[in-house]
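The values are calculated or read from the model by the stated rules, or taken from the named source; none is laboratory data. Predicted, not measured: the structure shown is a model, and the values here were computed from it. Please note: Cβ atoms are built from the backbone with ideal geometry, for glycine as well, and neighbour counts cover all protein chains shown. For the accessible areas, the whole protein counts, side chains as well, though only heavy atoms, and no ligand, DNA or RNA atoms are used. Shrake-Rupley method; radii C 1.70, N 1.55, O 1.52, S 1.80 Å.
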Amino acid sequence: QPLFEAEYSEILLCKNELHDALNNLSHWVKDEHVDKNLVTRLDSAFIRKDPYGVVLIIAPWNYPIHLLLVPLIGAIAAGNCVVIKPSEMTKKTERLVAEALPSYLDKDSFAVVTADVQETTQLLENKFDYIFFTGSSSVGRSVMAAAAKHLTPVTLELGGKNPCYVSDNCDVQNVARRVTWGRFFNAGQTCIAPDYVLCSLEMQEKLLPALREAITEFYGPNPQESPDFGRIVGDKQFQRVQVLLRSGRVAIGGQTDAETRYIAPTVLADVQPSDPIMQEEVFGPILPIVIVATADKAIDFINSQERPLVVYAFSSNDKEVNKVLERTSSGGFCGNDTLMHFTLNSLPFGGIGSSGLGMYHGKFTFDTFTHHRGCLHRNMGLETLNALRYPPYSQPK
């Protein structure tokens, strides 16, 4: 991954989360006093913020530091003990976490477990008080099934095919830059990347040269030589993504190199909804364009699919952006840009339906790992006020 991208996504965003927690923790953990009725006027009614207990955090490989530390910050802030399971796909990060974290955190309360698929399955047989998982929908189902055996609550941060609607009414150059950045950041291995573009045939013809220009502007005439363009994480993933290049027609890019796991920033034009690339999350540096006649047809297409992690809509007309927002359902929404909603700690981040369950970031992470315990502490005296509720019951009572 390019230095800037790693610095930004893995380090800076973690620091933001950390500062947010440190600055606000004393406020978050306080008992929250709530409204009372006539009968309980002299009593104390409040929400106590209790930890769940022992929490399991399972992190993925695409942002192996960020997606491990951000949930961990919230789990610690909420007072839990944590078992941390880094991804086995990113060996160097796994080793770094396993070696470094124990020297910073109390070993009795925080443990790093390095495990492959088989060992993770065994790990999930244990009874945890909460499980936080980031990864694919298929593995998410297995995690939820394992959690169900112990009635353990879960947060599942999954993926999906994030649609990106581009209206005929927009600044084509700006759209191209913002979409190019969001799609090819970390070589497309981002759960919130725009997965495919929906636009009219006319817009596709305007967008293609603008996308080509943006790709050249960002990565030079040969992106393979650019220090700012990433690589696919592993051989298995490389092969899976390479197969997806056969959909539609290659309008930009398409070059691959198995040895360095390089796939050029690629745009596929005239992609059919039945094509292989439209059957799974791309999770690589390929942007398919699907033609739709109108905004209404784009909305119908989005609503015919599983609910995504994020819906993107580009238009110079705010009404059009709002129409897409109002008539679709997704984990999050971002108008006229990509990825940027993820950077705000004040917004909850999470999926809906097959793109996930639960949310985090900022105070939402603290709340996710906190049991909100409803408490009423009554006054010992004033028994005459209670007489009305005791038997024998009578009509005057």
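Numbers for the structure displayed
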{"read-out": "For segment 175-189, Karplus couplings with θ = phi - 60° (6.51, -1.76, 1.60), whole Hz, Gly/Pro x", "value": "4, 4, 5, 5, 6, 4, 4, x, 6, 9, 4, 6, 6, x, 8"}
{"read-out": "Those residues of segment 32-58 whose amide nitrogen sits under 12 Å from the label point placed on Cys375, 7 Å along Cα→Cβ", "value": "32-34, 44-51"}
{"read-out": "Solvent-accessible heavy-atom area per residue, rounded to whole Å², over segment 259-397 at 1.4 Å", "value": "51 Å²"}
{"read-out": "Most mobile listed residue (Val34, Val172, Val321) in the chain, GNM with C-alpha springs under 10 Å", "value": "Val34"}
{"read-out": "Gain in span if fully extended, Ala115 to Lys91, counting 0.36 nm per residue against the direct Cα distance", "value": "7.5 nm"}
{"read-out": "Percent carbon-and-sulfur accessible area, the chain, ignoring ligands, DNA and RNA, probe 1.4 Å", "value": "55 percent"}
{"read-out": "Long-range HN-HN contacts of Phe333 with modeled amide H, under 5 Å", "value": "Val311"}
{"read-out": "Normalised per residue, the volume of the convex hull around the Cα set of segment 326-397 (Å³)", "value": "242 Å³"}
{"read-out": "Area of Val29 that stays accessible when all protein chains are in place (1.4 Å probe, Å², to 10)", "value": "70 Å²"}
{"read-out": "Inter-centroid distance (Cα atoms) of segment 358-377 relative to segment 166-185, Å", "value": "37 Å"}
{"read-out": "Convex hull volume per residue in cubic angstrom - Cα atoms of segment 150-194", "value": "96 Å³"}
{"read-out": "Candidates Lys15, Lys206, Lys236, ranked by Gaussian network fluctuation over the chain, Cα under 10 Å, top entry", "value": "Lys236"}
{"read-out": "Mean separation of Cα contacts under 8 Å, 6 or more apart, over the residue count of segment 163-342: relative contact order %", "value": "30 percent"}
{"read-out": "Nearest-ten-degree value, helix 91-104 long axis tilted from longest Cα axis of the chain", "value": "30 degrees"}
{"read-out": "Cross-link pairs Lys49/Lys397; Lys206/Lys323; Lys85/Lys149; Lys15/Lys127; Lys30/Lys85; Lys85/Lys107 - those with Cα-Cα distance over 26 Å", "value": "Lys49/Lys397; Lys15/Lys127; Lys30/Lys85"}
{"read-out": "Karplus-derived 3J(HN,Hα), 6.51/-1.76/1.60, for each residue of segment 289-296, Hz, glycine and proline x", "value": "10, 10, 7, 10, 6, 9, 4, 4"}
{"read-out": "Ellipticity estimate at 222 nm from DSSP helix runs (n ≥ 4, -39,500 (n - 2.57)) divided over the chain, nearest 500", "value": "-10000 deg cm²/dmol"}
{"read-out": "Area projected by the alpha carbon convex hull of the chain, averaged over all directions, nm²", "value": "25.3 nm²"}
{"read-out": "Modelled FRET efficiency - R0 45 Å, Thr343 with Thr384, Cβ distances, 0.05 increments", "value": "0.20"}
{"read-out": "Computed Rg/Rh of segment 163-342, alpha carbon atoms with Kirkwood Rh", "value": "0.94"}
{"read-out": "Qualifying chymotrypsin sites (Phe, Trp or Tyr not before Pro) in segment 349-397, DSSP loop, other Cβ atoms within 10 Å at most 11", "value": "Tyr393"}
{"read-out": "Cβ-derived FRET efficiency at R0 25 Å, His19 paired with Asp50, nearest 0.05", "value": "0.50"}
{"read-out": "Within segment 99-128, backbone nitrogen closer than 13 Å to the virtual label 7 Å beyond the Cα of His150 toward Cβ", "value": "121-128"}
{"read-out": "Extension gain, Leu12 back to Arg249 (0.36 nm per residue minus Cα-Cα distance, nm)", "value": "81.5 nm"}
{"read-out": "DSSP beta bridges in segment 163-342 [antiparallel fraction, %, rounded to 5]", "value": "25 percent"}
{"read-out": "Karplus-derived HN-Hα couplings along segment 109-124 (A = 6.51, B = -1.76, C = 1.60, θ = phi - 60°), whole Hz, x at Gly and Pro", "value": "10, 9, 10, 9, 10, 9, 8, 8, 4, 4, 5, 5, 4, 5, 4, 6"}
{"read-out": "Segment 242-292 and segment 35-71: distance between their alpha carbon centers, rounded to Å", "value": "41 Å"}
{"read-out": "The chain: relative contact order in percent, alpha carbon pairs under 8 Å with at least 6 residues between", "value": "20 percent"}
{"read-out": "Relative counts (whole %) of C-alpha pair distances in segment 43-88, using bins that are 5 Å wide", "value": "5, 22, 25, 17, 11, 8, 5, 3, 3, 1, 0"}
{"read-out": "Only Lys, Arg (+1) and Asp, Glu (-1) charged, at Cβ; the chain dipole about Cα centre in debye", "value": "1140 debye"}
{"read-out": "Residues of segment 104-256: accessible area per residue with a 1.4 Å probe, Å²", "value": "46 Å²"}
